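**Student:** This is the structure I want to talk about, given as structure tokens.
The values are calculated or read from the model by the stated rules, or taken from the named source; none is laboratory data. These numbers were taken from a predicted model, which means no experiment stands behind them. As a convention, Cβ positions derive from the backbone with ideal geometry for all residues, glycine included, and neighbour counts pool all protein chains shown.
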Amino acid sequence: MLICIMIGESGLGKTRACEVYRNKYPNIEQVERVIKRVIYISLDTSTSLSQFRNTLYEELTGFPQSGRGKNSISLNTIISLLKDLETELILIDEAQHVLTASSNEHGRV
């Protein structure tokens, strides 16, 4: 797995670059399934790790993670969905918010 971190001053176009890349690789609609090669998620300052998992689950499935405990979406479920959808890249805009919120929520990352 390759991890790439894009950093830069505010206003340089990091978010726009993510949006352009996502639009260059749209979902592929097939008869019985959808291929989601690129997933784009933008986080806000209060996003916890469990909220991030729920947001990713919703982006992958198109369904909100409702009626379940906040920690019920497992990493195995996410990985399985990513494989099934043939996802090649997840773009996480403002990813530092998960680390900050998780650190504040639990006193550690």
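**Student:** Please work out which residue is surrounded by the fewest Cβ atoms within 10 Å (Cβ to Cβ), limiting yourself to the stretch 24-60 and to residues that are among the acidic types (Asp, Glu) and modelled with pLDDT of 85 or more. Show your work before the answer.
**Tutor:** Residues of the stretch 24-60 among the acidic types (Asp, Glu): 29, 32, 44, 58-59.
Within this subset, residues satisfying the condition of being modelled with pLDDT of 85 or more are 29, 32, 58-59.
On the way: Glu29: 8, Glu32: 4, Glu58: 15, Glu59: 15.
Only one residue tops the list, namely Glu32.
**Student:** Quickly run through the stretch 61-92 and pick out the residues that are modelled with pLDDT under 75 and surrounded by fewer than 16 Cβ atoms within 10 Å (Cβ to Cβ). Before the answer, list the steps.
**Tutor:** Looking only at the stretch 61-92, we keep the residues that are modelled with pLDDT under 75, and these are 65-72.
Hits for the stretch 61-92 are Ser66, Gly67, Arg68, Gly69, Lys70, Asn71, Ser72.
**Student:** I've got another one for you. Spot the failing condition for Ala95; the list is (1) at pLDDT below 80; (2) touching a Pro at 6+ places or on another chain (Cβ under 8 Å), and only one is missed.
**Tutor:** Answer for Ala95: the failing condition is (2).
**Student:** Quick check on the stretch 33-49: of everything there that is small (Gly, Ala, Ser) and touching an Asp or Glu at 6+ places or on another chain (Cβ under 9 Å), which residue is farthest from Cys18 (Cα to Cα)?
**Tutor:** Going through the qualifying residues, I end up with Ser48.
**Student:** Another question, if that's okay. Being part of a helix (DSSP H, G or I) and charged (D, E, K, R) is the filter; apply it to the stretch 74-88 and report the residue that is nearest to Thr61 (Cα to Cα). Reasoning before the result, please.
**Tutor:** Initial filter on the stretch 74-88 (part of a helix (DSSP H, G or I)): 75-84.
So of that shortlist, the ones also charged (D, E, K, R) come out as 83-84.
Details: Lys83: 13, Asp84: 11 Å.
In this case the residue turns out to be Asp84.
**Student:** Another question, then. Among what's in the stretch 1-23 and is farther than 22 Å from Leu60 by Cα and among the aliphatic types (A, V, I, L, M), pick the residue that is modelled with the highest pLDDT.
**Tutor:** Just the residues of the stretch 1-23 that are farther than 22 Å from Leu60 by Cα, to begin with: 6-14.
With the extra rule that they be among the aliphatic types (A, V, I, L, M), the set shrinks to 6-7, 12.
On the way: Met6: 75, Ile7: 77, Leu12: 89.
Only one residue fits best here, namely Leu12.
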